[in-house]
Amino acid sequence: MRFHTALLAACAFFERRAAYAVFGVLLISAPLRAAASPNATSAGDDVCMMCHKDHSLARSVGRSGDLSVDLQALGTSGHGKLHCVGCHRDANGAKHPVHLAKVKCADCHQAQADTLAAGAHRTVGVGGNEAGCHECHAGPHQVQVDVSRGRAQCGRCHAKEVADYETSVHGLARVAGDADAATCKDCHGTAHATRKQADSLATISHQRIADTCARCHADRKLMTKRKITIPEAVELFRNSAHGRSSDPQAARCNDCHDPHRMKRATDPASPIFRANIPTLCERCHAKEAAAYRGSVHGQALRRGVLAAPVCTDCHGEHMIRGPKDLSSPVAAGHVVETCSRCHEAAGIRETYGLPAGRLSSYRDSFHGLAARGGSVVVANCASCHGYHDILPSTDPRSMISADNIGRTCGHCHPGAGEKFTIGPVHVAMTTRSQPTLFWARIIYLLLIAATIGFMAAHNGAHFVRHVGHSLAAQMGKVPPHAHAAGRWFLRMTALERIQHFLLATSFFTLVFTGFALKFPEAPVFRWIAQWEGGYAWRAIVHRVAAAIMVAVSLFHILYLFTARGRRLLADLAPGPKDAAEMMQNSLYLFGLRRTPVKFERFGYIEKAEYWALIWGTIVMTVTGLALWFENSMLHAWPKWTLDLATIVHYYEAWLAFLAIVVWHLYMNIANPEVYPMNWTWLTGRISEAQLQHEHGGEYERITAPGATEAERAVTPVVDLGPPVAGVSQVPDATKKPLA
């Protein structure tokens, strides 16, 4: 037995010695064969493989691990064209040391090593040693360079991030075959160049992340191809308050869109899902989010009402702009429009029981009219209801609750509500909910329809009658109206003409500037808002014109105490005779009477105009002062009186304007008998023929032989002119007229 054991040991000894001898011969002969054969290097690999194919080689030489090499795997790896001595240079020779020098990848890949040394993975591949590089490249003999395996390689260290990516819109698109969908390297760069987010040079740093996202999301062609819902997202963001902010902590793409777990806005798990928006914005805007959660909108959203407005509905999504930006949806000039998107949407109002007519009632109010005219300081929705903390009027914390509404209005109107309840703010004049205002409007509409309707019919008949007479005169059927001047009589003194001029100028200025407030979008008035440039020039001009009209009216009252003024007032006093003359003249105009009425100095037409002017001036002055000094008005009277003043002022303006156009301007401009104009308002004179035709009663009275000097002095002759056949000369016609 001992002999058998000794024999086996001897055989093993000689076997090892023989193997070493053969190995030495091959190593010595390898360089010789390399010079004679093109496959000499592979022959050298064969020599190495004589030992390194053995998995137990490490134990044989007293080392741990596995020193074997899979030559086939090496041939298909990134190092497939290299040979053993290419990396293990100290292994050349008949016999190499058991412990070879560590291979440094940087010896061949210096550029990659330099890049890696500055990147986030520098602690993995310190100095370019093989242990660090092999973390990603799977060992020196199985080195992989296939980028398609990059995500799997990243997952070895970043398992959570890769798992999140697989469920993201990018990962799912990649699985669906979209080769353009972003992967790890598209955002982080190559593995060697990847930097930590805190590094300002990193592609995912706070400063550069928007540019990184823009590589794809600013490519309009790619966005169109992929049917991205918001193709201009990057451009919108760059122009937003976040994109233009100099604050280094201002929100960027990855603050709202989870970078690895990015999901669509329709996914409830997405941070940009509608119900999650307040929580998302709360990360930076905690105070505003807290106020929103307690508001009527936040409470509705918490109950599951997804139609309730969230941050992005008012502020926008990518194109978020601050309230100081005039183009922002939350700027003072756009708040009403922003709120009305929901509060005027029929579907939302009907579904959730929101009151109707809020926009129209606001737009018709003074606040709304001023806002439509371009004012950025007038009250809007947020001024009364708040911004983020909007609450219903039934909530005692609300700015519009019964206890707080006076204080809310008092921000702009000091003292409002201290003595009287403010009352309804959104007033609908067209409904019976406000009976005083409703009936005031109805009465005025009926009054306007009746008055202007009568004037239109009267003047229409007048026009037809006199055009017909002119045509008949041209055909020789009737004698024409005398147009020869003859003598000239003074109808309006210089002082009366000045009063008339100031009154007319201030009236039309008031009409224009008043309607410019009511209809600011109309083309004829739109330029005023642009011209004002934020200053209330329209209001200033309107009030100056009002002051002139009131001053002229007060002066006219004083003028009535003069001798001519007393006679003027007496001649303008209405009486039963005027009603009879109106009936007779109407019959004449409609062809039911042959001869025209011979009016005195003033007929029913002038008298109606004068007393309507007196009434209108009083009404417009009283209501205008109430609107001008609204703070004092609200301090002493309930709000409905101010609303009533608004209605009366507006409809009285329409009545006065239409009456002047349909009645006065027709009679003195469009009237076929005086066209193109009755020049008396400028010259003060009226021809004898016109006086005889239009005021036949006065003409006969002042030219009668028994006429007194006082009667003739009211309408004196100022120019004899050439004699007119058939017209007698007044003996004392050359007397100087009274001023």
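The values are calculated or read from the model by the stated rules, or taken from the named source; none is laboratory data. Model, not experiment: these values are computed from the prediction. Glycine also receives a Cβ, built like all others from the backbone with ideal geometry; neighbour counts cover every protein chain displayed.
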Residue count for the stretch 601-658, restricted to those that are within 30 Å of K577 (Cβ to Cβ) and either among the charged types (D, E, K, R) or within 32 Å of the chain's Cα centre (by Cα) (or both): 5
Count of residues meeting criterion [free of Cβ contacts under 8 Å to residues at least 60 places away in the same chain and more than 21 Å from the chain's Cα centre (by Cα)] in the stretch 349-391: 7
Any hit, the stretch 635-649, residues being of a type in the set (D, E) and in contact with a Pro (Cβ under 9 Å, 6 or more places away or on another chain): yes
The stretch 346-376, residues that are loosely packed, with under 13 Cβ neighbours inside 10 Å and β-branched (V, I, T): T351
Selection status of A416, part of a loop (DSSP other than H, G, I, E, B) and more than 27 Å from V661 (Cβ to Cβ): yes
Of all residues making up the stretch 181-205, the number that are at pLDDT 85 or above, outside any helix (DSSP H, G or I) and surrounded by fewer than 18 Cβ atoms within 10 Å (Cβ to Cβ): 8
Some residue of the stretch 27-39 being farther than 30 Å from R122 by Cβ and modelled with pLDDT of 50 or more: no
Near pairs, Cβ below 9 angstrom, 6+ apart or cross-chain, from the stretch 273-284 (part of a helix (DSSP H, G or I)) to any residue that is hydroxyl-bearing (S, T, Y) and surrounded by 17 or more Cβ atoms within 10 Å (Cβ to Cβ): R274/T312; N276/S270; I277/T312; P278/Y292; C281/Y292; C281/T312; E282/Y292
The stretch 101-129 - residue that is surrounded by 16 or more Cβ atoms within 10 Å (Cβ to Cβ) and in a helix (DSSP H, G or I) and, of those, modelled with the lowest pLDDT: G128
Test: residue in the stretch 280-287 that is at pLDDT 90 or above, small (G, A, S) and touching a helix residue (DSSP H, G or I) at 6+ places or on another chain (Cβ under 8 Å): no
Checking V98 against (1) at pLDDT below 75; (2) farther than 23 Å from Q142 by Cβ, the condition it does not meet: (1)
Inter-residue pairs, beta-carbon under 7 Å, first within 18 Å of L447 (Cβ to Cβ) and in the stretch 652-677, second surrounded by fewer than 16 Cβ atoms within 10 Å (Cβ to Cβ), 6+ apart: L655/L447; V662/A456
